[in-house]
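Okay, so here's the structure we're looking at.
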Amino acid sequence: MLLIHCPFCDMDRPEIEFRHAGEAHVARPDPATADDAAWGAYLYLRENRRGVFAERWRHVHGCGRFFNALRHTVSDRLIATYRPGAPRPDGGA
Amino acid sequence: MARFSFASLIGHALAGNRRWPAQWREAAPQAEYDVVIVGGGGHGLATAYYLAREHGVRRVAVLEKGWIGGGNTGRNTTIIRSNYLWPESAALYEHAMQLWQGLSRALNYNVMYSPRGVMVLAHNHHDVLVGQRHVHANRLAGIDNEWLTPGQVGDFCPILNVSRDIRYPILGAALQRRGGTARHDAVAWGFARGASALGVDIVENCEVVGIDRDATGAVCGVQTTRGPIRAPRIGVVAAGHTSVVMAMAGVRMPLESYPLQALVSEPVKPAMPCVVMSNTIHAYMSQSDKGEMVIGAGTDAYNSYSQTGALHISSHTLEAICELFPVVRRLRMLRNWGGIVDVTPDRSPVVGLTPVAGLFVNCGWGTGGFKATPGSGHVFAHTIATGRPHPVNAPFTLDRFRTGNLIDEAAAAAVAH
Ligand SMILES: Cc1cc2nc3c(=O)[nH]c(=O)nc-3n(C[C@H](O)[C@H](O)[C@H](O)COP(=O)(O)OP(=O)(O)OC[C@H]3O[C@@H](n4cnc5c(N)ncnc54)[C@H](O)[C@@H]3O)c2cc1C
């Protein structure tokens with residue numbers, strides 16, 4: 001079980017308090033101009049990276065808020081957590 | 001290849017079983033092949049076998065970064081069934097089911113396919129409706145699936161707790177009698193042996209680290225830890241690592257990779273005659289021929305390549321198992337392990353062409369692709385050999401995530417093995 005730092009509660013809490021919410025920084029295309037390929041990519045294509053990966057979590061059994069995290073997907077080590085809107089910190093490759 | 005027969009078994013037994021030859025050639029990679037298969041799991045090996053046997057394509061290499069069958073093929077709980085909801089899926093898994101029935105004979109290798117019946121339990125009104133809908137849909141498609149009352153469930157699997165006063169009482173079950181299990185290692189070894197005898201090179205400890213493209217953009221070979229290999233056609237069958245391999249050709253995939261775990265108990269006398277699955281409380285169990293209770297748990301909550309599942313996930317499953325099967329409560333668990341499964345948004349596989357000429361992909365089997373192994377290899381071999389999908393895998397395109405023609409088994413069964 002992971003120990004995750006909620007950047008809003010500013011506490012390390014066990015993983016079962018959180019819900020994983022998939023890849024972070026997936027930008028919604030403009031519906032007025034996006035074609036099927038752009039929508040398909042937005043909805044379904046994922047980086048699924050083996051290495052340092054930016055993802056979203058939600059502190060469902062805490063503050064209830066979404067935030068972002070950098071995690072290494074082989075060791076599962078959490079490198080950083082940060083608020084939405086903040087730039088992705090440098091976590092190496 | 002020496003064929004197995006009753007006489008050969010007796011002969012080797014009399015010789016103390018010390019003179020069995022290797023079952024497939026250990027091959028070093030050659031400079032060039034007609035087809036390179038990336039990934040030596042059951043699906044990749046079956047693909048190579050059918051390429052050689054049905055399409056006469058024999059200059060084939062299967063490149064495996066570890067040892068064959070060491071991925072999900074050797075890590076799964078071996079449940080086989082074909083009672084999926086949508087016609088496309090039912091046809092795909094039934095194609096495999098038909099092949100399972102004659103596979104040991106076709107390969108001259110005992111894959112221990114055991115049609116002992118797979119029961120999927122219903123614990124609430126919604127489960128009952130969904131289960132019965134599956135039964136009706138399957139029967140319309142000519143696939144056996146029948147509805148059992150709680151009493152019949154108890155008769156079919158006497159160690160199940162069918163009393164009404166448990167947290168998730170059993171309200172019925174869908175039973176596919178042809179469903180069952182097979183021996184996972186034997187499936188990998190049987191296909192490897194058959195393919196090798198037909199001339200296919202099975203190259204272990206050979207990781208693909210790059211995909212080469214020519215001036216037109218088409219694939220022309222791979223870079224591996226054992227040197228470069230030229231090939232005009234490449235089939236990627238890398239399960240949980242498919243996104244990583246496809247990224248080498250610049251193709252993004254609709255996949256997320258998750259750890260999925262299983263565990264086995266100490267061996268006991270035969271106590272369980274069938275396979276039982278419960279999607280609602282996420283537990284499934286069967287008994288291996290060695291006597292171990294084979295238990296499957298859920299995926300972890302987040303994508304990962306760690307190949308180990310979290311303990312709280314397996315504890316959750318064991319709580320459910322202990323309630324459903326009180327008789328196993330005091331069994332010790334001998335081993336637990338994880339695999340990395342490649343999950344698509346609609347929980348259906350992708351088997352077909354890619355935007356890159358000469359590059360084919362077979363992936364997305366997620367938590368439930370063992371049962372499809374022979375059928376998947378069969379239709380993928382057709383796709384690679386002819387450059388066009390077989391009718392059975394034609395709906396399972398990569399392009400469906402652009403067109404929106406999803407095959408939504410995700411909604412049909414939240415967990416599917
Ligand atoms: C715990 C668990 C339980 C399961 N239970 C069931 C079940 O009961 N019923 C069912 O039907 N399915 C089940 N599954 C799913 C099933 O195991 C898989 O869908 C199926 O085995 C996939 O087969 P495969 O040959 O595609 O993949 P794999 O056997 O994983 O083969 C892929 C191979 O590719 C290799 N590879 C990856 N990258 C590279 C590279 N760069 N170069 C060379 N080689 C590479 C890997 O080493 C691996 O050997 C389960 C899975 C798990 C993990």
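The values are calculated or read from the model by the stated rules, or taken from the named source; none is laboratory data. Here the structure is a predicted model, which is why all the values come from computation and not from measurement. Every residue, glycine among them, receives a Cβ derived from its backbone with ideal geometry; neighbour counts consider all protein chains shown. Ligands, DNA and RNA are excluded from the accessible area calculation, which covers all protein heavy atoms including side chains. Shrake-Rupley method; radii C 1.70, N 1.55, O 1.52, S 1.80 Å.
See the values below:
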quantity: Amide hydrogen neighbours beyond the local backbone of A:Val52, cut-off 5 Å, H modeled; calculated: A:Thr73
quantity: Per residue accessible area in Å² of chain A, where ligands, DNA and RNA are left out and the probe is 1.4 Å; calculated: 55 Å²
quantity: Other protein chain Cβ atoms within 10 Å, averaged over every residue that makes up A:38-44; calculated: 5
quantity: Equivalent ellipsoid, the protein assembly as shown (semi-axes from 5 times Cα gyration tensor eigenvalues, Å); calculated: 34, 33, 22
quantity: log₁₀ of I(q)/I(0) at q = 0.17, 0.19, 0.27 Å⁻¹ - segment A:3-82, Debye sum with one point per alpha carbon; calculated: -0.71, -0.82, -1.23
quantity: Simple spin-label estimate for B:Glu146 and B:Arg167 in nanometres, 7 Å along Cα-Cβ; calculated: 3.3 nm
quantity: Solvent-accessible area per residue, Å², over segment B:55-110 with all protein chains present [probe radius 1.4 Å]; calculated: 38 Å²
quantity: Peptides A:32-43, B:247-258, B:220-231 ordered by average Cβ neighbours within 10 Å, highest first; calculated: B:247-258, B:220-231, A:32-43
quantity: Calculated SAXS-style log₁₀ I(q)/I(0) at q = 0.13, 0.20 Å⁻¹ - segment B:281-417, Debye, Cα scatterers; calculated: -0.69, -1.19
quantity: Difference of contour (0.36 nm per residue) and Cα-Cα distance, A:Arg88 to A:Leu43; calculated: 14.1 nm
quantity: Relative contact order (%) - criterion: Cα under 8 Å, at least six apart; region: segment A:3-82; calculated: 31 percent
quantity: Computed FRET value (nearest 0.05) for B:Ala22 with B:Asn336, which takes r as the C-beta separation and R₀ as 30 Å; calculated: 0.45
quantity: Threshold 40 Å² - residues in segment B:218-252 whose accessible area is reduced by that much or more when the chain is no longer isolated, probe 1.4 Å; calculated: B:Arg252
quantity: Inter-label distance, nm, simple model (7 Å from Cα along the C-beta direction), A:Phe8/B:Leu14; calculated: 7.8 nm
quantity: 5 angstrom amide H check on B:Arg226, placed H, neighbours 5+ away; calculated: B:Glu207
quantity: Length-normalised contact order for chain B - Cα pairs under 8 Å, 6+ apart - percent; calculated: 22 percent
quantity: Label-point gap, in nm, between A:Asp36 and B:Ser315 - each point 7 angstrom along Cα→Cβ; calculated: 4.8 nm
quantity: Chain-alone versus full-assembly comparison, segment B:281-323, residues with accessible loss of at least 50 Å² (1.4 Å probe); calculated: B:Tyr302, B:Asn303, B:Tyr305, B:His312
quantity: Protein accessible area in the protein assembly as shown, 1.4 Å probe - carbon and sulfur %; calculated: 53 percent
quantity: Between segment B:97-153 and segment A:1-17, the alpha-carbon center distance in angstrom; calculated: 42 Å
quantity: Helix runs (DSSP H) in chain B reaching 27 Å along axis by Cα, Kyte-Doolittle at least -0.5; calculated: B:87-107
quantity: HN-Hα J in Hz across segment B:333-338 - Karplus 6.51, -1.76, 1.60, θ = phi - 60°, x for Gly and Pro; calculated: 8, 7, 9, 9, 7, x
quantity: Trypsin sites (Lys or Arg not before Pro) lying in DSSP loop within segment A:20-93, provided at most 16 other Cβ fall within 10 Å; calculated: A:Arg65, A:Arg77
quantity: Cysteines in the protein assembly as shown lacking a second Cys C-beta under 4.7 Å; calculated: A:Cys63, B:Cys157, B:Cys206, B:Cys220, B:Cys274, B:Cys322, B:Cys363
quantity: Table column - 3J(HN,Hα) (Hz), segment B:80-85, Karplus curve with 6.51, -1.76, 1.60, x for Gly and Pro; calculated: 10, 7, 10, 8, 7, 6
quantity: Linear extension gain, B:Ala7 paired with B:Ala31, 0.36 nm per residue minus alpha-carbon span; calculated: 4.6 nm
quantity: At most 13 other Cβ within 10 Å, DSSP loop - chymotrypsin sites (Phe, Trp or Tyr not before Pro), segment B:146-215; calculated: none
quantity: Restricting segment B:118-193 to trypsin sites (Lys or Arg not before Pro) in coil, as DSSP defines it, with at most 16 other Cβ within 10 Å; calculated: B:Arg164, B:Arg167, B:Arg177
quantity: Segment B:225-233 - phi-based ³J(HN,Hα) in whole Hz, Karplus 6.51/-1.76/1.60, Gly and Pro as x; calculated: 5, 10, x, x, 9, 8, 6, x, 10
quantity: Interface size A-B, as summed buried accessible area [1.4 Å probe, Å², nearest 100]; calculated: 2000 Å²
quantity: Value of [θ]222 nm, deg cm²/dmol, for the protein assembly as shown, DSSP H segments ≥ 4, -39500 (n - 2.57) each, nearest 500; calculated: -8000 deg cm²/dmol
quantity: Interface residues, segment A:72-90 - accessible area loss of 10 Å² or more versus chain alone, probe 1.4 Å; calculated: A:Thr73, A:Val74, A:Asp76
